[in-house]
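Before any comments, here is the structure.
Since every read-out is calculated from the coordinates, none of them should be taken as a lab result. These numbers were taken from a predicted model, which means no experiment stands behind them.
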Amino acid sequence: MTHRAVPPAARPRLRLDLGSALLVLAAWLLLTVGTGLLLARAPQQALADTVSGGVGLPWVLALLLLAGVARAHGDRRALGLQAPAPHSWRLLWLPLAYACAMLALDAANGWPAPRVLLFVAINTALVGLSEELMFRGVLFAGCRARLALWPAMLLSSALFGAAHALNVLATGQLEAALLQSACAFLQGFGYLAIRLRTGSLWPVALVHALWDFSLMAGLLAPRTGEAPAGAVLLGPLLVALPMFLYGLFLMRGRAAPTSLSMESRS
């Protein structure tokens, strides 16, 4: 039996293991957080203000970085860049229900100015795609090269949460950053479960962007009064916790396949 040699051009120029994925994460954080701090119009500003004043250069640069990594790696299936499995969009019902509820609340409170809303839409689309490709694409692929399925899911979700804690550098609000970090971990686990069940990043990137858009539009809406302190603290957790539980439900009884490509096919 003869074996056909793999042409050199078909071999990935970048092997994604845990170490290389963490290096990409460090570069991604430098672009998103570091560049964002350098370009900030004020030493500290609310998160909603960072997505409403123009197209975010840090997120454009981060996407260019990840596009280069994806091209060098070459395995679209391992990164979740292929089309989703047929009829898998129904798995999005929970995050879509939340997003639609928040959009309805935004409509009731009043929308920001159209120009502001346009920048929010562009930037949340950039953020959604960039964060999904970084954490549920590159980083998860690197984690799976070293770890079993469940540890890889937990580690990549924990790092997703930890990255959001760095928002304290921009806002100066430690409590809010830690709350966002906890919510990001819970929600990120649910996103990752959907990504594995659909076999694709695209559905998750869509709901992630829609979720962020509805949230930021609500924060920029005309104020009708201050929310109770308990609601500010518990509200995000009560929204994110069901996403984590939904992720556990989607992954119930899942044995770890031998490769990430096999996960994407199941």
*Let me have the relative contact order for the stretch 15-265, percent, based on Cα pairs under 8 Å that are six or more residues apart.*
31 percent
*Scale the Cα Rg of the stretch 15-265 by the rule-of-thumb value 2.2 N^0.38 Å and send over the ratio, two decimals.*
0.98
*Once phi is turned into θ = phi - 60°, what whole-Hz ³J(HN,Hα) does the Karplus curve with 6.51, -1.76 and 1.60 give for every residue of the stretch 203-210, x standing for Gly and Pro?*
x, 5, 4, 5, 5, 4, 5, 5
*Longest to shortest principal axis, alpha-carbon extents of the stretch 63-144, angstrom*: 45, 30, 21
*Mind jotting down the distance between the C-alpha centroids of the stretch 199-220 and the stretch 62-133, whole Å?*
5 Å
